[in-house]
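Asker: Pasting a structure here, questions to come.
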Amino acid sequence: MTAVAETLFEGKEKQEVCEKIKQIPISASSATKKIEILTQDVVAQLDEAIQKAPCVGLAVDESTDVCDNAKLLVYVRFYYAEQKAFYEDLLGITPLQTSTTGKDIYLAIMEMLAKRGIKPSKVISITTDGAPAMIGREKGAVTRMKKDNPDLLTYHCIIHQSVLCASLSDEHAEVMTSVMKIINFLRASSSYQHRMLREFLKEVDANADDLLLHNNVRWLSKGRVLARFWAIRREVASFLAELKHHKATQFSTFLENEKQMDNVAFLVDITSHLNELNLRLQGKDNSICELMTAVRAFQRKLEMFKEDLQEDCVHFPAVQEQVQGQRDVSSFVVFIDKLIANFSNRFDSFSIGQQLTMFIQNPFLITDVRSFSKEATQHFKWVNARDLQMELVDLQAN
């Protein structure tokens with residue numbers, strides 16, 4: 001209630017109202033009931049806005065919670081006429097009781113749409129993570145939805161695509177695993193050992209006073225962990241050399257292996273570049289044009305990185321420091337080639353048309369109105385070409 005008061009009132013009046021609310025004795029059940037009423041009102045407002053929208057787009061993700069219970073999350077995006085802007089929100093979360101097959105996900109989505117009064121024909125696009133249960137050719141949830149609505153546009157999450165493109169080869173994955181084992185050994189195996197490591201890093205005036213733990217779920221954590229490890233690798237090697245433990249000896253051998261450290265240096269640099277792309281793809285209200293511009297730019301950068309690796313490595317500072325032009329970097333070039341191929345395979349077909357892209361960026365750039373309307377109706381069957389042409393001409397002349 002105080003949160004509501006802080007939104008509705010200002011200045012001295014807000015302070016007085018909040019103080020009075022805090023003095024009201026409310027039981028736990030009363031507070032729960034108030035929250036339920038507010039929640040119902042928020043849901044009702046969302047449903048009303050969706051009903052007024054001409055069409056909606058969905059984003060669907062299936063995940064599990066800490067108790068291994070499968071949950072289906074459905075997000076909705078639509079044009080909010082009252083706010084004159086596109087709006088996105090969580091449509092709902094529903095449990096998947098037993099299995100998580102394409103049929104289960106399809107039925108859960110359709111049940112949620114029916115419950116919220118959204119006709120399947122109103123859904124013009126759906127974005128998923130590309131899992132087989134989602135996009136399977138015969139039994140996937142999206143395939144089943146397209147049978148109900150043949151004009152449904154389907155997309156694969158761009159961020160997830162970029163992460164899949166960056167999947168490590170066996171050799172580099174093994175190096176990454178070794179680095180994570182060293183970090184876990186120093187940080188997680190013993191609290192005493194972790195404290196000793198921090199004290200040691202402070203004593204030798206290292207660039208950082210601790211290592212970061214890697215989270216497999218979050219791609220960005222890989223780059224940060226590797227960068228921190230690389231910054232204090234020599235201090236870590238010295239610390240391991242002082243430990244009387246067979247694992248410490250194994251890890252010391254790894255850190256003394258120049259070939260392995262060359263690979264670590266390359267991973268530090270390439271994950272840094274991939275993280276930059278990942279960050280550009282994140283955030284709200286990004287249009288498909290902005291996202292694809294970031295991806296296309298990165299594809300061109302990869303070509304530049306490939307040439308750079310074979311020359312002076314200005315875009316690979318860790319490799320430049322480690323290799324110093326004295327060792328073979330052909331395996332790194334092969335990795336970049338695979339990245340280029342992966343991005344090409346996954347994103348070359350990811351397009352909504354040149355005219356549509358131009359219209360989203362700047363509608364005044366459209367010169368051939370008929371060609372634009374033809375392209376628009378190919379992608380969006382519900383669009384009336386005649387009305388679109390007339391509205392575009394009026395807009396450009398205004």
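The values are calculated or read from the model by the stated rules, or taken from the named source; none is laboratory data. Only a predicted model underlies this, so the values are computations on that prediction, with no experimental measurement involved. Virtual Cβ from ideal backbone geometry, glycine too; neighbours counted across all protein chains shown.
Asker: Can you name the residue in region 365-375 that is out of contact with any Phe, Trp or Tyr (no Cβ under 8 Å at 6 or more places or on another chain) and surrounded by 13 or more Cβ atoms within 10 Å (Cβ to Cβ) and is also modelled with the lowest pLDDT among such residues?
Answerer: 375
Asker: When only residues in region 69-96 that are among the small types (Gly, Ala, Ser) and over 21 Å from the mean Cα position of the chain (by Cα) count, which is farthest from residue 43 (Cα to Cα)?
Answerer: Taking the candidates together, the pick is 85.
Asker: Next question. Examine region 346-357 for a residue that is modelled with pLDDT of 85 or more and either not in a helix (DSSP H, G or I) or not aliphatic (A, V, I, L, M) (or both), and state whether such a residue exists.
Answerer: No, region 346-357 contains no residue that is modelled with pLDDT of 85 or more and either not in a helix (DSSP H, G or I) or not aliphatic (A, V, I, L, M) (or both).
Asker: Related question: Every residue in region 132-174 that is touching a Leu at 6+ places or on another chain (Cβ under 8 Å) and modelled with pLDDT of 85 or more, please.
Answerer: 142, 145, 146
Asker: Given (1) under 17 Å from the mean Cα position of the chain (by Cα); (2) closer than 30 Å to residue 271 by Cβ, identify the lone condition not met by residue 132.
Answerer: (1)
Asker: Next up: Of all residues in region 102-130 being among the aliphatic types (A, V, I, L, M) and surrounded by fewer than 17 Cβ atoms within 10 Å (Cβ to Cβ), which is farthest from residue 383 (Cα to Cα)?
Answerer: It comes out as 107.
Asker: With region 244-312 as the region, which helices (runs of 4 or more DSSP H) entirely inside it contain at least 2 residues that are surrounded by fewer than 19 Cβ atoms within 10 Å (Cβ to Cβ), β-branched (Val, Ile, Thr) and free of Cβ contacts under 8 Å to residues at least 12 places away in the same chain?
Answerer: In region 244-312, 246-256 are the helices (runs of 4 or more DSSP H) which contain 2 or more residues that are surrounded by fewer than 19 Cβ atoms within 10 Å (Cβ to Cβ), β-branched (Val, Ile, Thr) and free of Cβ contacts under 8 Å to residues at least 12 places away in the same chain.
Asker: A follow-up question, please. Residues 359, 380, 332: which one is of a type in the set (A, V, I, L, M, F, W, C), more than 24 Å from residue 153 (Cβ to Cβ) and surrounded by 13 or more Cβ atoms within 10 Å (Cβ to Cβ)?
Answerer: Answer to the selection: 332.
Asker: Turning to a different aspect of this structure: Within region 329-339, is even one residue assigned by TED's automatic domain parsing to the domain that holds residue 223, over 25 Å from residue 257 (Cα atoms) and touching a residue at least 40 places away in the same chain (Cβ under 8 Å)?
Answerer: Taking every residue of region 329-339 in turn, at least one turns out to be assigned by TED's automatic domain parsing to the domain that holds residue 223, over 25 Å from residue 257 (Cα atoms) and touching a residue at least 40 places away in the same chain (Cβ under 8 Å).
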